[in-house]
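Asker: My questions will all concern the structure given below.
The values are calculated or read from the model by the stated rules, or taken from the named source; none is laboratory data. Not measured: the values here are computed from a predicted model. Cβ: placed from backbone, ideal geometry, glycine included. Neighbour counts: every protein chain shown.
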Amino acid sequence: MAKVSHKKRKRGKIAWRVQAVISTISVSLLLILMGLVVLFSLTARVVADSVKENLTVTVVLDDDVQTQQAVHLLDSLRGMYYVGSIDYISREQALQEQIESMGIDPTEFLGANPFSISMEVKVKPEYAAGDSLDWISAELRQSRLVADVMYQKDLVDSLNRNLYRASFFMLAVALLLVIISLSLINNTVRLSVFSHRFVLHTMKLVGAKWSFIRRPFLVRGFWIGFASALIADAVILGGIYWASRYDAGVLHYVTEQNVIITAVSVLVIGLLLTIVCTYFSVTHCLKLRDSELY
């Protein structure tokens, strides 16, 4: 009898470990997907900001504006809170760029330099929206030195519209993954706990508190979530490293801050999912009646 009992305990321990391994693998796969969604969302924001930073508002000055006046206006614009950077383009620089691009010198048949002083204003990403650029343009036109203000309104509207769609899509995918993860992890944990329902019932009969009964399962859930998160983070980081080997430009968009946020998010999500699902699964088994154990 002692040998039989020993063999049963040994098989029980092996089954317990196998279940833990299976649970860890299942949770890891789900966390990899969720981590990729988080990383892609953060990366999309970096790409969007990079595009917005290159949106240019062209400020064309009057023909009779002197260089000293233009420099004074340039200095005042640099202090504006919505300005990221400004490129000053003098009449001579504009003429030279025209000659280099077209191969024609306008002064040969016009007799004078036809270009005005202009400034290429790049606004900060948070102000690169249609309504913001409208009032920025209106504010710039109030200066008596400014002849015209131009920017690519259609491009700005299209960019912001596509960003809104992409954000909505990412949010929908993230919510769907959360629902799927909760369902799958809950089923995996519940099967694991249900296989020990007789042990739980016996402990309940001898007077053990529910908190005492839950403790080893919660500890096990914690370590499964922790190990799964580490595996998921390792896979995601390995994928980033592999991608950067082929294209170093990936690291320009996948920033260190976003990688840290993704890794921490995966860890937090993994721990919360496994611990919460374990808690409710054990509680469900403890509520089972004697007739429902079989």
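Asker: Specify which of the listed residues (S28, S76, S116) is in a helix (DSSP H, G or I) and farther than 24 Å from I260 by Cα.
Answerer: Working: S28 fails: farther than 24 Å from I260 by Cα; S116 fails: in a helix (DSSP H, G or I).
The match here is S76.
Asker: Which number in (1) modelled with pLDDT of 80 or more; (2) surrounded by 14 or more Cβ atoms within 10 Å (Cβ to Cβ); (3) polar (S, T, N, Q) marks the one condition that S281 misses?
Answerer: Here S281 clears every test but (1).
Asker: What residue, among those in the range 135-155 that are touching a residue at least 60 places away in the same chain (Cβ under 8 Å) and in a helix (DSSP H, G or I), is surrounded by the fewest Cβ atoms within 10 Å (Cβ to Cβ)?
Answerer: Looking at residues that are touching a residue at least 60 places away in the same chain (Cβ under 8 Å) and in a helix (DSSP H, G or I), I get L155.
Asker: Mind checking which pairs have a first residue in the range 92-112 that is at pLDDT 70 or above and a second that is among the polar types (S, T, N, Q), Cβ under 6 Å, 6 or more apart or different chains?
Answerer: If the second residue must be among the polar types (S, T, N, Q), the pairs left are L95/N113; T107/N113.
Asker: Further question on the same structure: State which residue is nearest to the chain's Cα centre (by Cα) when the search covers only the range 38-73 and only residues that are part of a helix (DSSP H, G or I) and closer than 19 Å to S132 by Cα. If you could, list the steps in order and put the result at the bottom.
Answerer: First, pick out the residues of the range 38-73 that are part of a helix (DSSP H, G or I): 38-53, 67-73.
Of the ones still in play, those that are also closer than 19 Å to S132 by Cα are 45, 48-53.
Details: R45: 7, A48: 12, D49: 13, S50: 15, V51: 16, K52: 17, E53: 19 Å.
Restricting to residues being part of a helix (DSSP H, G or I) and closer than 19 Å to S132 by Cα, the top hit is R45.
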